[in-house]
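Asks: Submitted below is the structure of interest, expressed as C-alpha coordinates.
The values are calculated or read from the model by the stated rules, or taken from the named source; none is laboratory data. Remember, it's a predicted structure, so these values are computed and weren't measured experimentally. Counting neighbours? That spans all protein chains shown, and the Cβs are built from the backbone with ideal geometry, glycine included.
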Amino acid sequence: MEVYRTCLEKVLAGVPTTLSLTLWSVLLALLLGILLSFGVLSKWTPVRMLFSVLCSFLKGIPILIFLYVFHTAIDGIMGGIDHLFAFYTYDIRKPPTYIFAVFALALSYAPYMCDMITTALHTIPKGQWEACDAGGFTAWQKMTRIIIPQCVVIAIPNFGNHFVNLLKASSLACMVTIMEMMGEARNYATMSQRFLECYIVCAICYWVIFIVFEQAFRLLEKRAGRYLQPGVPIARRRRKLFHMTNTQEGIFEEVK
Amino acid sequence: MPEERMLSIKNVYKHFGDNNVLNGVNIEVNKGEVVVILGPSGSGKTTMLRCINFLEQANEGSITVNAYTVGAKEKSKKKIRNLRRKTAMVFQQYNLFRNRTAVENVMEGLVVVKKMHKEEARKKAEKALADVGLLEKKDFYPSQLSGGQQQRVGIARALVMEPDLLLFDEPTSALDPELVGEVLSCIRKVAKTGITMMIVTHEIAFAKEAATRVIFMEGGVVVEDGTPEEVIDHPKTERTQEFLARINA
Ligand SMILES: Nc1ncnc2c1ncn2[C@@H]1O[C@H](COP(=O)(O)OP(=O)(O)OP(=O)(O)O)[C@@H](O)[C@H]1O
Ligand SMILES: [Mg+2]
(Lines give C-alpha, C1' and ligand atoms only; values in the text may rest on other atoms or scores of the structure.)
(Ligands and ions follow the chains in the order given, each with its own letter.)
Protein backbone atom coordinates (compact mmCIF):
# COMPACT_ATOMS: atom_id res chain seq x y z
CA MET A 1 0.00 0.00 0.00
CA GLU A 2 2.85 2.26 0.87
CA VAL A 3 4.16 1.95 -2.68
CA TYR A 4 0.88 3.08 -4.15
CA ARG A 5 0.71 6.09 -1.89
CA THR A 6 4.22 7.27 -2.51
CA CYS A 7 3.82 6.66 -6.20
CA LEU A 8 0.57 8.62 -6.25
CA GLU A 9 2.31 11.50 -4.53
CA LYS A 10 5.09 11.43 -7.11
CA VAL A 11 2.69 11.27 -10.03
CA LEU A 12 0.56 14.09 -8.62
CA ALA A 13 3.70 16.18 -8.37
CA GLY A 14 4.05 15.73 -12.12
CA VAL A 15 0.49 16.83 -12.90
CA PRO A 16 1.24 20.57 -13.19
CA THR A 17 4.04 19.83 -15.67
CA THR A 18 1.79 17.57 -17.73
CA LEU A 19 -0.98 20.15 -17.76
CA SER A 20 1.23 23.08 -18.64
CA LEU A 21 3.03 21.03 -21.29
CA THR A 22 -0.31 20.06 -22.81
CA LEU A 23 -1.73 23.54 -22.63
CA TRP A 24 1.24 25.29 -24.21
CA SER A 25 1.55 22.62 -26.89
CA VAL A 26 -2.13 22.88 -27.76
CA LEU A 27 -1.94 26.64 -28.00
CA LEU A 28 1.17 26.57 -30.13
CA ALA A 29 -0.27 23.77 -32.28
CA LEU A 30 -3.40 25.84 -32.80
CA LEU A 31 -1.34 28.86 -33.78
CA LEU A 32 0.76 26.82 -36.21
CA GLY A 33 -2.41 25.13 -37.46
CA ILE A 34 -3.90 28.54 -38.27
CA LEU A 35 -0.76 29.48 -40.18
CA LEU A 36 -0.81 26.16 -42.03
CA SER A 37 -4.47 26.60 -42.92
CA PHE A 38 -3.68 29.92 -44.58
CA GLY A 39 -1.21 28.06 -46.76
CA VAL A 40 -3.48 25.11 -47.43
CA LEU A 41 -6.36 27.41 -48.41
CA SER A 42 -4.20 29.77 -50.46
CA LYS A 43 -5.43 30.61 -53.93
CA TRP A 44 -1.97 30.03 -55.38
CA THR A 45 -1.61 26.41 -56.34
CA PRO A 46 2.15 26.13 -55.65
CA VAL A 47 1.68 27.49 -52.11
CA ARG A 48 -1.22 25.14 -51.57
CA MET A 49 0.78 22.16 -52.74
CA LEU A 50 3.77 23.11 -50.63
CA PHE A 51 1.68 23.35 -47.49
CA SER A 52 -0.18 20.13 -48.19
CA VAL A 53 3.14 18.33 -48.46
CA LEU A 54 4.32 20.01 -45.28
CA CYS A 55 1.19 18.90 -43.42
CA SER A 56 1.55 15.38 -44.69
CA PHE A 57 5.22 15.37 -43.63
CA LEU A 58 4.45 16.59 -40.11
CA LYS A 59 1.64 14.06 -39.77
CA GLY A 60 3.75 11.18 -40.97
CA ILE A 61 6.50 11.46 -38.41
CA PRO A 62 6.25 9.89 -34.95
CA ILE A 63 6.18 12.38 -32.11
CA LEU A 64 9.06 10.63 -30.43
CA ILE A 65 11.35 11.40 -33.35
CA PHE A 66 10.48 15.09 -33.13
CA LEU A 67 11.26 14.97 -29.43
CA TYR A 68 14.59 13.24 -29.94
CA VAL A 69 15.61 15.44 -32.86
CA PHE A 70 14.89 18.63 -30.97
CA HIS A 71 16.54 17.26 -27.89
CA THR A 72 19.68 16.37 -29.77
CA ALA A 73 19.70 19.68 -31.58
CA ILE A 74 19.21 21.84 -28.51
CA ASP A 75 22.87 22.61 -27.97
CA GLY A 76 23.43 23.36 -31.61
CA ILE A 77 20.41 25.66 -31.95
CA MET A 78 20.81 27.44 -28.65
CA GLY A 79 24.56 27.82 -29.15
CA GLY A 80 23.78 29.38 -32.50
CA ILE A 81 21.46 32.05 -31.17
CA ASP A 82 23.42 32.50 -27.98
CA HIS A 83 24.82 35.92 -28.71
CA LEU A 84 22.04 37.07 -30.99
CA PHE A 85 20.04 38.61 -28.18
CA ALA A 86 21.64 40.73 -25.53
CA PHE A 87 19.18 39.64 -22.87
CA TYR A 88 19.78 35.96 -23.26
CA THR A 89 22.81 33.77 -22.78
CA TYR A 90 22.56 30.06 -23.16
CA ASP A 91 23.53 28.10 -20.09
CA ILE A 92 24.57 24.67 -21.27
CA ARG A 93 23.87 23.18 -17.84
CA LYS A 94 20.21 24.17 -18.02
CA PRO A 95 19.04 23.33 -21.52
CA PRO A 96 15.46 24.48 -22.26
CA THR A 97 14.21 20.95 -22.82
CA TYR A 98 10.72 21.93 -21.82
CA ILE A 99 10.35 24.55 -24.54
CA PHE A 100 11.67 22.18 -27.13
CA ALA A 101 9.26 19.47 -26.04
CA VAL A 102 6.44 21.96 -26.47
CA PHE A 103 7.65 22.67 -29.99
CA ALA A 104 7.92 18.99 -30.81
CA LEU A 105 4.41 18.23 -29.58
CA ALA A 106 2.98 21.31 -31.25
CA LEU A 107 4.57 20.50 -34.60
CA SER A 108 3.08 17.00 -34.53
CA TYR A 109 -0.38 18.31 -33.80
CA ALA A 110 -0.33 21.43 -35.96
CA PRO A 111 -1.45 19.61 -39.15
CA TYR A 112 -4.39 18.14 -37.26
CA MET A 113 -5.36 21.58 -36.04
CA CYS A 114 -5.05 22.75 -39.63
CA ASP A 115 -7.41 19.97 -40.77
CA MET A 116 -9.80 20.88 -38.01
CA ILE A 117 -9.89 24.50 -39.15
CA THR A 118 -10.32 23.78 -42.83
CA THR A 119 -13.04 21.21 -42.13
CA ALA A 120 -14.90 23.68 -39.94
CA LEU A 121 -14.63 26.37 -42.61
CA HIS A 122 -16.03 24.04 -45.24
CA THR A 123 -18.96 23.15 -42.99
CA ILE A 124 -20.21 26.75 -42.90
CA PRO A 125 -23.02 26.94 -45.47
CA LYS A 126 -22.35 29.06 -48.54
CA GLY A 127 -25.36 31.18 -47.63
CA GLN A 128 -23.62 32.52 -44.54
CA TRP A 129 -20.76 33.88 -46.63
CA GLU A 130 -23.11 35.27 -49.25
CA ALA A 131 -25.32 37.01 -46.70
CA CYS A 132 -22.21 38.87 -45.47
CA ASP A 133 -21.05 39.67 -48.98
CA ALA A 134 -24.47 40.90 -50.07
CA GLY A 135 -24.61 43.07 -46.95
CA GLY A 136 -21.38 44.82 -47.94
CA PHE A 137 -19.20 43.40 -45.15
CA THR A 138 -15.44 43.53 -45.57
CA ALA A 139 -13.63 40.20 -45.57
CA TRP A 140 -12.39 40.92 -42.05
CA GLN A 141 -15.89 41.74 -40.74
CA LYS A 142 -17.27 38.64 -42.38
CA MET A 143 -14.67 36.37 -40.85
CA THR A 144 -14.53 37.82 -37.35
CA ARG A 145 -18.23 38.36 -36.77
CA ILE A 146 -19.94 35.52 -38.60
CA ILE A 147 -17.68 32.81 -39.97
CA ILE A 148 -15.07 32.30 -37.25
CA PRO A 149 -17.57 32.32 -34.35
CA GLN A 150 -19.48 29.56 -36.13
CA CYS A 151 -16.25 27.69 -36.92
CA VAL A 152 -15.23 27.73 -33.28
CA VAL A 153 -18.48 26.09 -32.27
CA ILE A 154 -18.23 23.49 -35.00
CA ALA A 155 -14.61 22.70 -34.13
CA ILE A 156 -15.08 22.20 -30.38
CA PRO A 157 -15.65 18.41 -30.42
CA ASN A 158 -12.70 17.95 -32.75
CA PHE A 159 -10.54 20.23 -30.68
CA GLY A 160 -11.48 18.32 -27.55
CA ASN A 161 -10.31 15.09 -29.17
CA HIS A 162 -6.99 16.60 -30.17
CA PHE A 163 -6.60 18.07 -26.72
CA VAL A 164 -6.99 14.79 -24.85
CA ASN A 165 -4.83 13.01 -27.42
CA LEU A 166 -2.12 15.55 -26.88
CA LEU A 167 -2.54 15.18 -23.15
CA LYS A 168 -1.71 11.51 -23.49
CA ALA A 169 1.03 12.12 -26.04
CA SER A 170 2.72 14.52 -23.63
CA SER A 171 3.75 11.43 -21.65
CA LEU A 172 6.34 10.84 -24.36
CA ALA A 173 8.16 13.91 -23.11
CA CYS A 174 9.55 11.81 -20.27
CA MET A 175 11.87 10.34 -22.88
CA VAL A 176 13.67 13.67 -23.09
CA THR A 177 14.07 13.98 -19.31
CA ILE A 178 10.98 16.05 -18.62
CA MET A 179 9.50 15.13 -15.26
CA GLU A 180 5.82 15.16 -15.99
CA MET A 181 3.46 12.47 -14.67
CA MET A 182 4.95 9.65 -16.69
CA GLY A 183 8.49 10.77 -15.96
CA GLU A 184 7.81 10.82 -12.23
CA ALA A 185 6.16 7.40 -12.37
CA ARG A 186 9.02 5.91 -14.33
CA ASN A 187 11.55 7.43 -12.03
CA TYR A 188 9.92 6.07 -8.93
CA ALA A 189 9.33 2.71 -10.57
CA THR A 190 13.03 2.33 -11.25
CA MET A 191 13.88 3.41 -7.76
CA SER A 192 11.42 1.08 -6.02
CA GLN A 193 11.56 -1.67 -8.61
CA ARG A 194 7.74 -1.83 -8.46
CA PHE A 195 7.00 -1.18 -12.13
CA LEU A 196 3.52 -2.59 -12.43
CA GLU A 197 2.13 -0.72 -9.43
CA CYS A 198 3.61 2.58 -10.51
CA TYR A 199 2.31 2.35 -14.05
CA ILE A 200 -1.15 1.39 -12.81
CA VAL A 201 -1.25 4.44 -10.56
CA CYS A 202 -0.06 6.63 -13.37
CA ALA A 203 -2.62 5.20 -15.78
CA ILE A 204 -5.45 5.88 -13.37
CA CYS A 205 -4.28 9.45 -12.89
CA TYR A 206 -4.25 9.99 -16.66
CA TRP A 207 -7.70 8.51 -16.90
CA VAL A 208 -9.10 10.84 -14.24
CA ILE A 209 -7.64 13.89 -15.95
CA PHE A 210 -8.93 12.60 -19.28
CA ILE A 211 -12.45 12.31 -17.87
CA VAL A 212 -12.34 15.83 -16.48
CA PHE A 213 -11.34 17.33 -19.82
CA GLU A 214 -13.65 15.13 -21.84
CA GLN A 215 -16.60 16.25 -19.75
CA ALA A 216 -15.48 19.85 -19.83
CA PHE A 217 -15.37 19.81 -23.61
CA ARG A 218 -18.72 18.08 -23.79
CA LEU A 219 -20.23 20.78 -21.62
CA LEU A 220 -18.56 23.48 -23.67
CA GLU A 221 -19.87 21.92 -26.86
CA LYS A 222 -23.38 21.87 -25.49
CA ARG A 223 -23.33 25.45 -24.26
CA ALA A 224 -21.59 26.94 -27.28
CA GLY A 225 -23.73 25.04 -29.75
CA ARG A 226 -27.05 25.95 -28.22
CA TYR A 227 -28.00 28.26 -31.04
CA LEU A 228 -27.74 25.47 -33.57
CA GLN A 229 -30.36 23.42 -31.76
CA PRO A 230 -34.07 24.13 -31.93
CA GLY A 231 -35.68 24.99 -28.62
CA VAL A 232 -36.70 27.89 -26.48
CA PRO A 233 -34.55 31.03 -26.64
CA ILE A 234 -31.58 30.84 -24.39
CA ALA A 235 -32.30 33.75 -22.10
CA ARG A 236 -35.74 32.40 -21.40
CA ARG A 237 -34.68 28.81 -21.05
CA ARG A 238 -32.29 29.70 -18.28
CA ARG A 239 -34.97 31.52 -16.36
CA LYS A 240 -37.35 28.65 -16.85
CA LEU A 241 -34.93 26.10 -15.50
CA PHE A 242 -34.97 27.85 -12.17
CA HIS A 243 -38.73 27.64 -11.95
CA MET A 244 -38.89 24.17 -13.36
CA THR A 245 -41.23 22.02 -11.36
CA ASN A 246 -42.30 19.20 -13.64
CA THR A 247 -40.60 17.15 -16.33
CA GLN A 248 -38.04 17.98 -18.99
CA GLU A 249 -40.83 18.45 -21.50
CA GLY A 250 -41.88 21.62 -19.78
CA ILE A 251 -38.74 23.33 -21.01
CA PHE A 252 -39.54 22.78 -24.63
CA GLU A 253 -43.25 23.38 -24.71
CA GLU A 254 -43.02 26.86 -26.15
CA VAL A 255 -41.15 26.02 -29.32
CA LYS A 256 -42.43 27.99 -32.30
CA MET B 1 -40.94 65.44 -61.30
CA PRO B 2 -38.40 63.66 -63.48
CA GLU B 3 -38.13 59.93 -63.07
CA GLU B 4 -35.17 58.90 -60.98
CA ARG B 5 -33.16 55.97 -62.30
CA MET B 6 -32.39 53.47 -59.54
CA LEU B 7 -30.96 50.56 -61.47
CA SER B 8 -29.44 50.10 -64.90
CA ILE B 9 -28.29 46.72 -66.08
CA LYS B 10 -26.38 47.36 -69.28
CA ASN B 11 -25.60 44.64 -71.74
CA VAL B 12 -24.74 42.02 -69.14
CA TYR B 13 -23.28 38.71 -70.27
CA LYS B 14 -22.47 35.82 -67.99
CA HIS B 15 -21.32 32.31 -68.73
CA PHE B 16 -20.34 29.39 -66.53
CA GLY B 17 -17.76 27.51 -68.56
CA ASP B 18 -19.39 27.11 -71.95
CA ASN B 19 -22.90 27.51 -70.53
CA ASN B 20 -24.04 30.96 -71.67
CA VAL B 21 -26.50 31.94 -68.96
CA LEU B 22 -26.97 35.67 -69.60
CA ASN B 23 -26.80 36.85 -73.18
CA GLY B 24 -27.02 40.62 -73.08
CA VAL B 25 -29.49 41.66 -70.42
CA ASN B 26 -30.65 45.28 -70.43
CA ILE B 27 -32.98 46.50 -67.70
CA GLU B 28 -33.70 49.99 -66.42
CA VAL B 29 -35.63 50.45 -63.21
CA ASN B 30 -36.93 53.75 -61.85
CA LYS B 31 -37.32 54.70 -58.25
CA GLY B 32 -40.31 53.12 -56.54
CA GLU B 33 -40.91 50.46 -59.16
CA VAL B 34 -41.74 46.95 -58.02
CA VAL B 35 -40.39 44.69 -60.72
CA VAL B 36 -41.29 41.01 -60.79
CA ILE B 37 -39.09 38.73 -62.89
CA LEU B 38 -40.74 35.66 -64.36
CA GLY B 39 -39.29 32.94 -66.49
CA PRO B 40 -38.79 29.21 -66.80
CA SER B 41 -36.27 27.36 -64.68
CA GLY B 42 -32.72 27.86 -65.87
CA SER B 43 -33.50 31.04 -67.75
CA GLY B 44 -30.94 32.94 -65.67
CA LYS B 45 -33.17 34.89 -63.27
CA THR B 46 -31.16 34.07 -60.19
CA THR B 47 -27.90 34.66 -62.00
CA MET B 48 -29.11 38.05 -63.22
CA LEU B 49 -30.10 39.06 -59.68
CA ARG B 50 -26.77 37.88 -58.29
CA CYS B 51 -24.90 39.80 -60.94
CA ILE B 52 -26.52 43.02 -59.70
CA ASN B 53 -24.84 42.76 -56.29
CA PHE B 54 -21.78 40.95 -57.65
CA LEU B 55 -22.40 37.68 -55.84
CA GLU B 56 -21.67 36.52 -59.36
CA GLN B 57 -19.36 38.69 -61.37
CA ALA B 58 -20.66 39.18 -64.90
CA ASN B 59 -18.26 38.71 -67.80
CA GLU B 60 -19.44 41.70 -69.78
CA GLY B 61 -21.52 44.83 -69.20
CA SER B 62 -22.10 47.15 -66.27
CA ILE B 63 -24.39 47.68 -63.30
CA THR B 64 -25.53 51.07 -62.05
CA VAL B 65 -27.36 51.47 -58.76
CA ASN B 66 -28.48 54.97 -57.87
CA ALA B 67 -25.89 56.62 -60.13
CA TYR B 68 -23.03 54.42 -58.92
CA THR B 69 -21.65 52.38 -61.80
CA VAL B 70 -19.47 49.31 -61.56
CA GLY B 71 -18.24 47.50 -64.64
CA ALA B 72 -18.36 43.74 -64.93
CA LYS B 73 -14.58 43.49 -64.95
CA GLU B 74 -14.12 45.61 -61.82
CA LYS B 75 -11.40 44.24 -59.57
CA SER B 76 -11.57 46.72 -56.70
CA LYS B 77 -13.25 45.04 -53.74
CA LYS B 78 -14.03 48.45 -52.33
CA LYS B 79 -16.02 49.58 -55.36
CA ILE B 80 -17.95 46.32 -55.37
CA ARG B 81 -18.62 46.72 -51.67
CA ASN B 82 -19.89 50.25 -52.20
CA LEU B 83 -22.32 48.99 -54.80
CA ARG B 84 -23.44 46.18 -52.52
CA ARG B 85 -24.13 48.65 -49.75
CA LYS B 86 -26.68 50.36 -51.94
CA THR B 87 -28.59 47.10 -52.28
CA ALA B 88 -29.94 44.45 -49.96
CA MET B 89 -30.91 40.90 -50.74
CA VAL B 90 -33.50 38.49 -49.42
CA PHE B 91 -32.48 34.92 -50.12
CA GLN B 92 -34.46 31.86 -51.06
CA GLN B 93 -32.84 29.97 -48.16
CA TYR B 94 -33.13 32.99 -45.78
CA ASN B 95 -29.42 32.80 -44.91
CA LEU B 96 -29.87 34.39 -41.52
CA PHE B 97 -26.68 34.50 -39.46
CA ARG B 98 -26.95 31.33 -37.42
CA ASN B 99 -24.93 32.68 -34.51
CA ARG B 100 -27.15 35.73 -34.09
CA THR B 101 -30.64 36.08 -32.65
CA ALA B 102 -33.39 37.62 -34.73
CA VAL B 103 -32.77 41.12 -33.45
CA GLU B 104 -28.99 40.71 -33.73
CA ASN B 105 -29.43 39.59 -37.32
CA VAL B 106 -31.24 42.80 -38.09
CA MET B 107 -28.72 44.91 -36.13
CA GLU B 108 -25.64 43.34 -37.67
CA GLY B 109 -25.51 45.42 -40.84
CA LEU B 110 -26.29 48.63 -38.97
CA VAL B 111 -23.46 48.06 -36.51
CA VAL B 112 -20.92 46.59 -38.91
CA VAL B 113 -21.54 48.46 -42.13
CA LYS B 114 -23.20 51.67 -40.99
CA LYS B 115 -21.11 51.89 -37.80
CA MET B 116 -24.21 52.74 -35.83
CA HIS B 117 -24.10 52.73 -32.05
CA LYS B 118 -25.30 49.41 -30.62
CA GLU B 119 -28.20 50.76 -28.60
CA GLU B 120 -29.46 52.89 -31.44
CA ALA B 121 -29.14 49.93 -33.80
CA ARG B 122 -31.04 47.69 -31.43
CA LYS B 123 -33.91 50.17 -31.22
CA LYS B 124 -34.05 50.45 -34.97
CA ALA B 125 -33.86 46.69 -35.38
CA GLU B 126 -36.67 46.14 -32.91
CA LYS B 127 -38.81 48.56 -34.82
CA ALA B 128 -38.05 46.74 -38.05
CA LEU B 129 -38.94 43.42 -36.41
CA ALA B 130 -42.19 44.92 -35.18
CA ASP B 131 -42.93 45.98 -38.76
CA VAL B 132 -42.73 42.36 -39.90
CA GLY B 133 -44.72 41.26 -36.84
CA LEU B 134 -41.94 39.41 -35.07
CA LEU B 135 -41.03 41.57 -32.12
CA GLU B 136 -41.87 38.84 -29.63
CA LYS B 137 -39.38 36.51 -31.36
CA LYS B 138 -36.50 38.92 -31.16
CA ASP B 139 -34.34 36.79 -28.88
CA PHE B 140 -34.86 33.58 -30.84
CA TYR B 141 -32.08 32.10 -32.90
CA PRO B 142 -32.86 31.29 -36.55
CA SER B 143 -32.89 27.56 -35.76
CA GLN B 144 -35.74 28.24 -33.36
CA LEU B 145 -37.93 29.98 -35.93
CA SER B 146 -40.20 28.60 -38.62
CA GLY B 147 -39.25 29.14 -42.25
CA GLY B 148 -41.79 31.90 -42.66
CA GLN B 149 -40.56 33.68 -39.56
CA GLN B 150 -36.96 33.37 -40.69
CA GLN B 151 -37.81 34.87 -44.03
CA ARG B 152 -39.60 37.78 -42.36
CA VAL B 153 -36.50 38.39 -40.26
CA GLY B 154 -34.56 38.26 -43.53
CA ILE B 155 -36.84 40.94 -44.93
CA ALA B 156 -36.42 43.08 -41.80
CA ARG B 157 -32.64 42.65 -42.04
CA ALA B 158 -32.70 43.91 -45.62
CA LEU B 159 -35.17 46.75 -44.99
CA VAL B 160 -33.40 48.17 -41.98
CA MET B 161 -30.40 49.07 -44.14
CA GLU B 162 -32.65 51.41 -46.16
CA PRO B 163 -31.21 50.22 -49.46
CA ASP B 164 -31.77 51.97 -52.76
CA LEU B 165 -32.67 48.63 -54.25
CA LEU B 166 -34.11 45.55 -52.61
CA LEU B 167 -33.55 42.19 -54.29
CA PHE B 168 -35.65 39.07 -53.65
CA ASP B 169 -34.71 35.69 -55.06
CA GLU B 170 -37.71 33.38 -54.84
CA PRO B 171 -38.41 34.45 -51.25
CA THR B 172 -41.23 31.94 -50.80
CA SER B 173 -40.20 28.88 -52.75
CA ALA B 174 -38.42 27.17 -49.85
CA LEU B 175 -41.46 27.59 -47.62
CA ASP B 176 -44.23 25.20 -46.68
CA PRO B 177 -47.39 26.21 -48.56
CA GLU B 178 -49.17 27.39 -45.42
CA LEU B 179 -46.33 29.79 -44.63
CA VAL B 180 -46.17 31.44 -48.06
CA GLY B 181 -49.05 33.78 -47.27
CA GLU B 182 -47.45 35.51 -44.30
CA VAL B 183 -44.26 36.24 -46.23
CA LEU B 184 -46.07 37.48 -49.32
CA SER B 185 -48.26 39.82 -47.31
CA CYS B 186 -45.12 41.09 -45.64
CA ILE B 187 -43.51 41.80 -49.03
CA ARG B 188 -46.74 43.43 -50.17
CA LYS B 189 -46.52 45.81 -47.22
CA VAL B 190 -42.92 46.62 -48.08
CA ALA B 191 -43.86 47.27 -51.69
CA LYS B 192 -46.32 49.95 -50.57
CA THR B 193 -43.54 51.93 -48.87
CA GLY B 194 -42.21 53.09 -52.23
CA ILE B 195 -38.88 51.29 -52.04
CA THR B 196 -37.49 50.02 -55.34
CA MET B 197 -37.72 46.24 -55.51
CA MET B 198 -36.84 43.44 -57.85
CA ILE B 199 -38.48 40.11 -57.12
CA VAL B 200 -37.88 36.76 -58.77
CA THR B 201 -40.89 34.58 -58.07
CA HIS B 202 -43.21 31.98 -59.47
CA GLU B 203 -46.24 33.44 -57.66
CA ILE B 204 -48.16 34.80 -60.63
CA ALA B 205 -51.12 35.98 -58.58
CA PHE B 206 -48.78 37.93 -56.35
CA ALA B 207 -47.00 39.43 -59.35
CA LYS B 208 -50.28 40.59 -60.82
CA GLU B 209 -51.39 42.41 -57.75
CA ALA B 210 -48.16 43.71 -56.18
CA ALA B 211 -45.92 44.45 -59.16
CA THR B 212 -45.87 47.69 -61.07
CA ARG B 213 -43.93 45.99 -63.79
CA VAL B 214 -43.28 42.43 -64.95
CA ILE B 215 -40.27 41.18 -66.89
CA PHE B 216 -40.25 37.81 -68.60
CA MET B 217 -36.84 36.21 -69.10
CA GLU B 218 -35.92 33.28 -71.24
CA GLY B 219 -32.59 31.94 -72.46
CA GLY B 220 -30.67 34.67 -70.69
CA VAL B 221 -32.40 37.64 -72.29
CA VAL B 222 -35.41 39.80 -71.51
CA VAL B 223 -38.24 38.59 -73.71
CA GLU B 224 -41.06 40.73 -72.49
CA ASP B 225 -41.26 43.80 -70.30
CA GLY B 226 -44.34 45.76 -69.31
CA THR B 227 -47.13 46.27 -66.82
CA PRO B 228 -48.60 43.16 -65.17
CA GLU B 229 -51.67 43.45 -67.42
CA GLU B 230 -49.56 43.59 -70.56
CA VAL B 231 -47.22 40.73 -69.72
CA ILE B 232 -49.46 38.39 -67.72
CA ASP B 233 -52.89 38.99 -69.21
CA HIS B 234 -51.95 39.85 -72.79
CA PRO B 235 -48.51 38.37 -73.46
CA LYS B 236 -47.18 39.23 -76.90
CA THR B 237 -44.71 36.42 -77.43
CA GLU B 238 -45.53 32.78 -77.82
CA ARG B 239 -42.95 31.74 -75.22
CA THR B 240 -44.55 33.86 -72.54
CA GLN B 241 -48.00 32.53 -73.42
CA GLU B 242 -46.74 28.96 -73.20
CA PHE B 243 -45.03 29.60 -69.88
CA LEU B 244 -48.09 31.22 -68.34
CA ALA B 245 -50.36 28.49 -69.64
CA ARG B 246 -48.13 25.88 -68.07
CA ILE B 247 -48.04 27.69 -64.74
CA ASN B 248 -51.78 28.29 -64.67
CA ALA B 249 -52.58 24.74 -65.64
N1 LIG C 1 -22.47 28.73 -59.86
C2 LIG C 1 -22.82 28.15 -61.03
N3 LIG C 1 -21.94 27.39 -61.69
C4 LIG C 1 -22.26 26.81 -62.87
N5 LIG C 1 -23.45 26.94 -63.46
C6 LIG C 1 -24.38 27.69 -62.85
C7 LIG C 1 -24.11 28.34 -61.61
N8 LIG C 1 -25.21 29.03 -61.22
C9 LIG C 1 -26.13 28.82 -62.20
N10 LIG C 1 -25.64 28.02 -63.17
C11 LIG C 1 -26.35 27.61 -64.39
O12 LIG C 1 -26.92 28.76 -64.92
C13 LIG C 1 -28.19 28.47 -65.50
C14 LIG C 1 -29.21 29.47 -65.00
O15 LIG C 1 -29.37 29.31 -63.61
P16 LIG C 1 -30.26 30.27 -62.73
O17 LIG C 1 -30.16 29.78 -61.35
O18 LIG C 1 -29.90 31.66 -62.99
O19 LIG C 1 -31.72 30.00 -63.30
P20 LIG C 1 -33.10 30.49 -62.73
O21 LIG C 1 -33.78 31.22 -63.80
O22 LIG C 1 -32.92 31.17 -61.44
O23 LIG C 1 -33.85 29.11 -62.51
P24 LIG C 1 -34.83 28.66 -61.33
O25 LIG C 1 -36.18 29.18 -61.68
O26 LIG C 1 -34.78 27.17 -61.39
O27 LIG C 1 -34.29 29.20 -60.07
C28 LIG C 1 -28.49 27.03 -65.15
O29 LIG C 1 -28.27 26.27 -66.30
C30 LIG C 1 -27.49 26.68 -64.10
O31 LIG C 1 -27.11 25.35 -64.25
MG1 LIG D 1 -33.42 30.78 -59.35
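Asks: Which residues, counting only those in the range B:27-62, are within 14 Å of chain A (Cβ to nearest Cβ) and surrounded by 17 or more Cβ atoms within 10 Å (Cβ to Cβ)? Write out each step before concluding.
Replies: Step one: filter the range B:27-62 for residues within 14 Å of chain A (Cβ to nearest Cβ), giving B:46-47, B:49-57.
Passing the criteria: B:Thr46, B:Thr47, B:Leu49, B:Arg50, B:Cys51, B:Ile52, B:Asn53, B:Phe54, B:Leu55, B:Glu56.
Asks: Of the residues B:Glu170, B:Glu178, B:Glu108, only one is away from ligand 1 (no atom under 16 Å from the Cβ), of a type in the set (Asp, Glu) and surrounded by fewer than 22 Cβ atoms within 10 Å (Cβ to Cβ); which? Spell out how you get there, then give the answer.
Replies: Values: B:Glu170 fails: away from ligand 1 (no atom under 16 Å from the Cβ); B:Glu108 fails: surrounded by fewer than 22 Cβ atoms within 10 Å (Cβ to Cβ).
On inspection, the qualifying residue turns out to be B:Glu178.
Asks: Residues of the range B:71-93 being more than 8 Å from every other protein chain (Cβ to nearest Cβ) and within 16 Å of ligand 2 (Cβ to nearest atom), which ones?
Replies: So in the range B:71-93, the residues more than 8 Å from every other protein chain (Cβ to nearest Cβ) come out as B:71-76, B:78-80, B:83, B:86, B:90, B:92.
Of everything in the range B:71-93, those that are more than 8 Å from every other protein chain (Cβ to nearest Cβ) and within 16 Å of ligand 2 (Cβ to nearest atom) turn out to be B:Val90, B:Gln92.
Asks: For the range A:217-230, check the following and say yes or no: at least one residue is at pLDDT 90 or above and of a type in the set (A, V, I, L, M).
Replies: First, the residues of the range A:217-230 that are at pLDDT 90 or above: A:217-221.
Restricting the remaining residues to those that are of a type in the set (A, V, I, L, M) gives A:219-220.
Yes, some residue in the range A:217-230 is at pLDDT 90 or above and of a type in the set (A, V, I, L, M).
Asks: A further question on this structure: List pairs: first in the range B:31-51 and on the phi < 0 side of the Ramachandran plot and hydrophobic (A, V, I, L, M, F, W, C), second near ligand 2 (Cβ under 10 Å from one of its atoms) and assigned to a strand (DSSP E or B), Cβ under 7 Å, 6+ apart or cross-chain?
Replies: B:Ile37/B:Val200; B:Leu49/B:Asp169; B:Leu49/B:Val200
Asks: Would you confirm whether any residue within the range A:70-88 is in contact (Cβ under 8 Å) with a residue 60 or more places away in the chain and surrounded by 19 or more Cβ atoms within 10 Å (Cβ to Cβ)?
Replies: yes
Asks: Take B:Thr47 and decide whether it is more than 16 Å from ligand 2 (Cβ to nearest atom) and in contact with a Leu (Cβ under 8 Å, 6 or more places away or on another chain).
Replies: Working: more than 16 Å from ligand 2 (Cβ to nearest atom): no; in contact with a Leu (Cβ under 8 Å, 6 or more places away or on another chain): yes.
Spelling it out, it is not the case that B:Thr47 is more than 16 Å from ligand 2 (Cβ to nearest atom) and in contact with a Leu (Cβ under 8 Å, 6 or more places away or on another chain).
Asks: Out of B:Thr87, B:Thr47, report the one residue that is hydroxyl-bearing (Ser, Thr, Tyr) and either modelled with pLDDT under 95 or closer than 19 Å to B:Asn11 by Cβ (or both).
Replies: Numbers: B:Thr87 fails: either modelled with pLDDT under 95 or closer than 19 Å to B:Asn11 by Cβ (or both).
Just one listed residue meets the conditions, B:Thr47.
Asks: Name, by its number, the condition in (1) facing chain B (nearest Cβ under 10 Å); (2) touching a residue at least 40 places away in the same chain (Cβ under 8 Å); (3) of a type outside the set (Phe, Trp, Tyr); (4) exposed (fewer than 14 other Cβ atoms within 10 Å of the Cβ) that does not hold for A:Thr177.
Replies: For A:Thr177, the exception is condition (1).
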